[in-house]
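Comments concern the structure below.
The values are calculated or read from the model by the stated rules, or taken from the named source; none is laboratory data. Remember, it's a predicted structure, so these values are computed and weren't measured experimentally. Virtual Cβ from ideal backbone geometry, glycine too; neighbours counted across all protein chains shown. Note: accessible area is taken over every heavy atom of the protein model, side chains too, but ligands, DNA and RNA are not part of it. Shrake-Rupley method; radii C 1.70, N 1.55, O 1.52, S 1.80 Å.
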Amino acid sequence: QVQLVESGGGLVQAGDSLRLSCAASGRTFSVYAMGWFRQAPGKEREFVAAISWSVTSTYYADSVKGRFTISRDNAKNTVYLQMNTLKPEDTAVYYCAADRFLSTRPRDYNYWGQGTQVTVSS
C-alpha cells in the first residue's frame, strides 16, 4: 500500500505559478512511477505529467508542455508539479498517483491521493 497526500493548490490569477506537492508513505516510494492527473467539472480525469522511479523518463500532456515540470525527491518521498503561466483552462482538481510502471493512463495507476483544487481566474 502507498498513501498519497497532495498539497499546494489554491486560487491564482492567469499567468501565475503554483507548485503542487504529493507526499507518499507506506511502501518504498522510490520504486514507484508517479503521475499527476486532473479532473475539471463534467470532464473525465486526464493525464498531466508522469515521472519514472529513476527520474530518467518524464512525460507531459501537450496542453502543459513547456509550462509544467514534474520532479521528485526520493529522499523526501515527494513528487512535485511546478505549474507556470497558468491558464483558466488549467482549473481542476489535481491528483497524484503511483504505480510500479510508468503510464499516461489513469486506469494503470493503483494508488491515488485525495486531490487538491487549483482554480485559475482570468
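So that you can scan it fast, the table gives a plain yes or no per residue for (1) more than 20 Å from Ser122 (Cα to Cα); (2) not in a strand (DSSP E or B):
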| residue | (1), (2) |
| --- | --- |
| Leu4 | yes, no |
| Leu11 | no, no |
| Gly35 | yes, no |
| Val79 | yes, no |
| Thr104 | yes, yes |
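Residues checked against (1) of a type outside the set (Gly, Ala, Ser); (2) surrounded by fewer than 22 Cβ atoms within 10 Å (Cβ to Cβ); (3) over 20 Å from Gly115 (Cβ atoms):
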{"position": "Leu20", "(1), (2), (3)": "yes, no, no"}
{"position": "Tyr60", "(1), (2), (3)": "yes, yes, no"}
{"position": "Ser63", "(1), (2), (3)": "no, yes, no"}
{"position": "Asn77", "(1), (2), (3)": "yes, yes, no"}
{"position": "Met83", "(1), (2), (3)": "yes, no, no"}
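With respect to Glu6, is the statement that it is closer than 13 Å to Gly113 by Cα and either in contact with a Gly (Cβ under 7 Å, 6 or more places away or on another chain) or open to solvent by 40 Å² or more (accessible area, probe 1.4 Å) (or both) true? Judged against the criteria, Glu6 is a match. In the stretch 61-78, the residues that are closer than 16 Å to Phe37 by Cα and in contact (Cβ under 8 Å) with a residue 12 or more places away in the chain form Cβ pairs under 8 Å with partners that are open to solvent by 50 Å² or more (accessible area, probe 1.4 Å) and of a type in the set (Asp, Glu), at six or more places apart or across chains, as follows: Ala61/Glu46; Ser63/Glu89. Within the stretch 37-56, being under 25 Å from Leu86 (Cβ atoms) and not in a strand (DSSP E or B) holds for Ala40, Pro41, Gly42, Lys43, Glu44, Arg45, Val55.
Every residue, every condition in (1) open to solvent by 60 Å² or more (accessible area, probe 1.4 Å); (2) in contact (Cβ under 8 Å) with a residue 60 or more places away in the chain, yes or no:
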position: Leu86; (1), (2): no, yes
position: Asp90; (1), (2): no, no
position: Ala97; (1), (2): no, yes
position: Arg100; (1), (2): yes, yes
position: Asp108; (1), (2): no, no
position: Gly113; (1), (2): no, yes
position: Gln117; (1), (2): yes, yes
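Just one of the numbered conditions (1) among the polar types (S, T, N, Q); (2) open to solvent by less than 50 Å² (accessible area, probe 1.4 Å); (3) in a strand (DSSP E or B) is not true of Ser30: (3).
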